[in-house]
1. Build a GNM of the chain with springs between Cα atoms under 10 Å: which of 18, 133, 159 gets the top mean-square fluctuation?
2. What FRET efficiency, computed as 1/(1 + (r/R0)^6) with R0 = 35 Å and r the Cβ-Cβ distance, is obtained for residue 75 and residue 35, rounded to the nearest 0.05?
3. How tilted is helix 181-196 with respect to the longest principal axis of the chain? Cα atoms for both, answer in degrees (0 to 90, nearest 10).
4. Sorting check: for 26-39, 100-113, which peptide has the highest mean count of neighbouring beta carbons within 10 Å, and how do the rest follow?
5. With a Förster radius of 22 Å, plug the Cβ-Cβ distance of residue 169 and residue 139 into 1/(1 + (r/R0)^6) and report the FRET value to the nearest 0.05.
6. What distance in nm separates the two pseudo spin-label positions at residue 214 and residue 189, each 7 Å out from Cα along the beta-carbon direction?
7. Could you work out the relative contact order of the stretch 37-145? I mean the mean sequence separation of Cα pairs under 8 Å and 6+ apart, divided by the number of residues, in percent.
8. Under 8 Å for C-alpha pairs, at least 6 residues apart: give me the relative contact order for the chain, rounded to a whole percent.
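Readers should treat all values here as calculations from the given coordinates under stated rules, not as data from a laboratory. Note that the coordinates shown come from a computational prediction; the quantities given were computed from them, not determined experimentally. Here the Cβ positions follow ideal geometry from the backbone for every residue, glycine too, while neighbour counts run over all protein chains shown.
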Ligand code: 5GP
């Protein structure tokens, strides 16, 4: 008789990178993805030399570090990637990523196009990249102003940077226009679910499963 339950097919963990200009809705998407426990995503918490915003908590949003400490991590090769963004340094600690991936689980990254390129080069088969675009520049500006956490000159700087960042879309596997957050969220989840099922991520597990299938009476 066929078994009624089976072990899940083992697969390699993947790195899901979300990038966008600030104000395109990536923070909300990231939060919603992490809240959905059925997705079992772990957020990569970056190290940064940027000043902490009042709403941010050290160790939750970022690890806030002085430049000397950041440089120490970089020279020790403790960072999977790093980049200078808007005059501050940001980097991804390597240890937690390796730990999560080795368990066959997936890591979520909120990093810019420079970091994305570095990870794509280091682990081309294990990375899935999504770029989030705002529906219009007017909406992007409105979202930045509504956030009201940054000074007007910072917002102006971010709008200029956004124009540059938007031109980086061709390096990404998927591009989503975030007109409606629920639609964008559903689109990201669909991408994740499909990418998890790619044959190459679980070839060994499928081989074992098929062997078992074929030994059945
Ligand atoms: P913010 O200062 O608004 O939190 O982030 C500014 C930009 O830095 C965002 O586009 C964000 O994706 C990017 N960023 C955050 N952490 C990292 C990181 O570890 N590496 C890279 N390359 N970019 C990061």
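1. 159
2. Details: r = 36 Å, r/R0 = 1.04.
Once the sixth-power term is evaluated, E becomes 0.45.
3. Approximately 40 degrees, to the nearest ten.
4. Details: 26-39: 14.1, 100-113: 18.9.
The peptides rank, most packed first, as 100-113, 26-39.
5. Details: r = 17 Å, r/R0 = 0.77.
Here the calculated transfer efficiency is 0.80.
6. 3.7
7. Working: 114 pairs, mean separation 29.1, N = 109.
Over the stretch 37-145, the number comes to 27 percent.
8. Working: 294 pairs, mean separation 70.1, N = 217.
Reported as a whole number, the value is 32 percent.
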